[in-house]
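Read through the structure below, which is laid out as structure tokens, and then see the notes.
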Amino acid sequence: MIDFKILKKSKKSWARLGLLKTPHGVVETPALVPVATKAVIKTLTSEEVRATNTQLTISNTFHLHLKPGDKIVKKAGGINEFMKADWPTMTDSGGFQVFSLGFGQDMQVGKILKYFPGKTDVVVETGSKSKSVKITEEGVHFRSPFDGSKLFIGPKESIKFQENIGADIIYAFDECTPPLSTIDYAAKSLELTHRWAKICVDSKKTNQALYGIVQGSRYQPLREKASKYIDSLDVAGYGIGGDLGESRDSMDDILSWVIPNLQDGRPRHMLGIGYLEDMEIIIKRGIDTFDCTVPTHFARRGIAFTSKGKLDLKKTRFLTDKNPIDKSCLCNTCQVYKRNYISHLFRGDEITAMRLVTFHNLFYFNKVVADIRQKIKDGKI
Ligand SMILES: [Zn+2]
């Protein structure tokens, strides 16, 4: 069960400040949701995650179902107890993995096309079949990426797995439409996603908060239809997923079609976005939470985010740089360590390098979002 309270609505945009109360604590929104795919923020302990001011994490149903098994997480007392998270948790439905194992893998494309230039010639039409995934009315047949064994997941299975994992917030099972779908394909996919959403609502037995997912690709009529339908269901909140078009402008347009059809009093989560540059745009459109792999994924590759832009700490020039990653950052990494040492650790493939930068990046992203909350409070956005 969750309770969402809006503290302030902006007069300049659709931004709002809120408090999202869950069984594991209260989240000040808007909030970043770091990605703990396998019930861990890679390289950090849960105490460290807490120290980055992270308020909420999202884990992956598909991965946890395969390893260690959702029943094992249940026996451990649920995901919060298992990973020692004393903060609210979410699990996604596994739908996105269906997409990434299927069309995503076939075409090597991601959610936003512009990050994958040169792939605009591929179009998914009605009747297109993915090589690795078979979608039926009941759910999705696919092969395990670990051992090739046959697997199946549908809306009922997704809810069952998520109930076993036991996060505070769970998601309806959807087909995440490939980015290059035609409107006909996207429309058929949307109908299936809606039938599945209803099954998810009807089959849930716990008091976890179930969010419905608004799909509809880049097409205005579909996004409007999707938001109205999901809003009509007995859901606790909304996830906004799928293809967001080719640019930040198209993402902004898509949100402008969706948000007005959603009830104010239910929280809105944007799935799988959150470059620093995206945050203010989506928050101004009324998004309350959003998950993003960028701070952690980039950190492990030596990229640190700072108030002056990105740094590639693997570069030779940082070996003699005695500054912290960011002089204005109050995180432990920046209080203690210098760029020269961190650069040396990266160049030597030392695990500690990833830990130090993951900690900084998460702390920094959380600070950026806290600053945006302050701007809403001050009436600036
Ligand atoms: Zn820092």
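FYI, it's all coordinate maths here, none of it is from the lab. What you are looking at is a predicted structure, and each value in this text was computed from that prediction instead of being measured. With ideal geometry, Cβ positions are generated from the backbone for all residues, glycine too; neighbour counts draw on all protein chains shown.
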Report summary line: Compactness summary of region 17-92: radius of gyration and Dmax from Cα atoms, Å, are 12.2, 37
Requested in this report: Check the straight Cα-Cα distances from Lys84 and name the aspartates and glutamates below 12 Å, setting aside those fewer than 8 residues away within the same chain.
Outcome: Glu47, Glu48
Report task. Calculate one ³J(HN,Hα) per residue across region 362-375 by plugging θ = phi - 60° into the Karplus curve 6.51 cos²θ - 1.76 cosθ + 1.60, and present them in order as whole Hz with x for glycine and proline. Result -> 5, 4, 5, 4, 5, 5, 4, 5, 4, 5, 5, 4, 5, 4
Query raised in the report: In the chain, what percentage of the DSSP-assigned beta bridges are antiparallel, given to the nearest 5?
Result: 50
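From the Cα gyration tensor of the chain, with a ≥ b ≥ c the square roots of its eigenvalues, which class applies: rounded if a/c is under 1.5, or else prolate if a/b is larger than b/c, or else oblate?
Working: a/c = 1.43, a/b = 1.34, b/c = 1.07.
Rounded, because the longest to shortest axis ratio a/c is under 1.5.
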Query raised in the report: Counting Lys and Arg as +1 and Asp and Glu as -1, what is the net charge of the other residues whose Cβ lies under 12 Å from the Cβ of Ser307?
Result: +2
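Any idea what the relative contact order of region 314-358 is, in percent, if you count C-alpha pairs under 8 Å spaced at least 6 apart?
Numbers: 49 pairs, mean separation 16.7, N = 45.
About 37 percent, as a whole number.
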Requested in this report: For the chain, just give the cysteines left without a disulfide-compatible partner, judged by no other Cys Cβ under 4.7 Å.
Outcome: Cys176, Cys200, Cys292, Cys331
Query raised in the report: Is the shape of region 314-358 best called rounded, prolate or oblate, per the rule: a/c under 1.5 gives rounded, else a/b larger than b/c gives prolate, else oblate, with a ≥ b ≥ c the square roots of the Cα gyration tensor eigenvalues?
Result: oblate
Report task. Work out the length of the dipole vector of region 314-358 about its Cα centre, built from +1 on the beta-carbon of each Lys and Arg and -1 on the beta-carbon of each Asp and Glu, and round it to the nearest 20 debye. Result -> 180
Query raised in the report: For Asp234, Asp253, what's the fewest-to-most ordering of other Cβ within 10 Å of each Cβ?
Result: Asp234, Asp253
Query raised in the report: Using helices alone, what [θ] at 222 nm do you get for the chain, with -39,500 (n - 2.57) per DSSP H run of 4 or more residues, divided over all residues and rounded to the nearest 500?
Result: -11000 deg cm²/dmol
Query - region 341-352 - phi-based ³J(HN,Hα) in whole Hz, Karplus 6.51/-1.76/1.60, Gly and Pro as x - result: 5, 4, 4, 4, 5, 5, 5, x, 6, 7, 4, 4
**Report entry** Under the Karplus curve 6.51 cos²θ - 1.76 cosθ + 1.60, θ = phi - 60°, whole-Hz ³J(HN,Hα) for region 331-337, x wherever Gly or Pro sits
**Finding:** 6, 4, 4, 6, 6, 10, 9
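Given a Förster distance of 41 Å, report the FRET efficiency between Asp202 and Lys42 from their Cβ-Cβ distance, rounded to the nearest 0.05. Each step should come with its number before you reach the end.
On the way: r = 36 Å, r/R0 = 0.87.
It comes to 0.70.
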Report task. Would you mind checking the tilt of helix 248-258 against the longest principal axis of the Cα atoms of the chain, expressed as 0 to 90 degrees and rounded to 10? Result -> 50
Query - region 248-324, relative contact order in percent, only Cα pairs under 8 angstrom and at least six apart counted - result: 24
Requested in this report: Quick one: go through region 265-301 and flag any residue whose amide nitrogen is under 15 Å from the point 7 Å out along the Cα-to-Cβ line of Arg248.
Outcome: 273-285
Query raised in the report: Do any of Lys12/Lys198; Lys198/Lys375; Lys38/Lys160; Lys284/Lys310; Lys42/Lys75 go past 26 Å between their Cα atoms, and which?
Result: Lys12/Lys198; Lys198/Lys375
Report summary line: Residues Arg355, Arg301 in order from fewest to most other beta-carbon atoms within 10 Å are Arg301, Arg355
**Report entry** Relative contact order (percent, whole number), the chain, Cα cutoff 8 Å, 6+ residue spacing
**Finding:** 18
Report task. Quick one: which residues, 5 or more positions from Ala39 or on another chain, have an amide H under 5 Å from its amide H? H modelled 1.01 Å from N in the peptide plane, none for Pro or chain starts. Result -> Asn60
Query raised in the report: In what sequence do Cys329, Cys200, Cys334 fall when counting other Cβ within 10 Å, fewest first?
Result: Cys329, Cys334, Cys200
Report task. Under 15 Å from the Cβ of Leu44, count the other residues' Cβ atoms, weight Lys and Arg +1, Asp and Glu -1, and hand me the total. Result -> +3
